[in-house]
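Working notes for the structure below.
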Amino acid sequence: VQLQASGGGLVQPGGSLRLSCEAPGSIFTNYPMAWYRQSPGKQRGLVASVDSDGRTFYKDAVDGRFTIIRDNAENTLTLQMNSLKSEDTAVYYCNRFPSISNFWGQGTQVTVSS
């Protein structure tokens, strides 16, 4: 199963975007989930994670601007991104934390540019 992220797009610096990811219950329920991103020329890395009890972790660069939300009833993972910066430009993916190679989808492109 590949997890598909959606909601990306082109936004100006300072703007907001909301990314979504829906997963089967067998993948989502009781597992930590996370958002990752990959910028051109860089390795894919963790952006934020949330465990099954709602405890969150954020990469320093996004802490205070991004919010990760999980809906255990709907098996959905959301990333609310505010105050976007050009350095947030990347392809964003959802996956478990730690990631499972078979779950990588194509991601959703986020471009922050004026």
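The values are calculated or read from the model by the stated rules, or taken from the named source; none is laboratory data. From a predicted model like this one, the values you see are computed outputs, not experimental measurements. All Cβ positions, glycine included, derive from the backbone under ideal geometry; neighbour counts span all protein chains shown. Surface areas here come from the heavy atoms of the whole protein model, side chains and all, with no ligands, DNA or RNA. Shrake-Rupley method; radii C 1.70, N 1.55, O 1.52, S 1.80 Å.
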Problem set entry | the range 40-114, accessible area per residue, ligands and nucleic acids excluded (1.4 Å, Å²) | 54 Å²
Problem set entry | the chain: calculated mean residue ellipticity at 222 nm from DSSP helix runs of at least 4, using -39500 (n - 2.57) | -500 deg cm²/dmol
Seminar exercise, completed: Amide H contacts under 5 Å for VAL62, restricted to residues at least 5 apart in sequence or on another chain and with H modeled in the peptide plane, are none
Exercise. In a GNM of the chain with a 10 Å cut-off on Cα contacts, which of SER101, SER39, SER16 has the highest mean-square fluctuation?
Worked result: SER101
Exercise. Can you give the accessible area of TYR93 in Å² (nearest 10), computed on protein heavy atoms with a 1.4 Å probe?
Worked result: 30 Å²
Seminar exercise, completed: Of the accessible area of the chain, computed with a 1.4 Å probe and all protein chains kept, carbon and sulfur make up a percent value of 45 percent
Problem set entry | For the range 82-88, Karplus couplings with θ = phi - 60° (6.51, -1.76, 1.60), whole Hz, Gly/Pro x | 10, 6, 5, 10, 4, 6, 7
Exercise. What share of the DSSP beta bridges in the chain is antiparallel, in percent to the nearest 5?
Worked result: 90 percent
Exercise. Using 16 Å as the cut-off for backbone N distance, which residues of the range 18-44 belong to the label zone defined by a point 7 Å from the Cα of SER101 along Cα→Cβ?
Worked result: 44
Exercise. Once you charge only the Cβ atoms, +1 for Lys and Arg and -1 for Asp and Glu, what is the size of the charge dipole of the chain about its Cα centre, to the nearest 20 debye?
Worked result: 260 debye
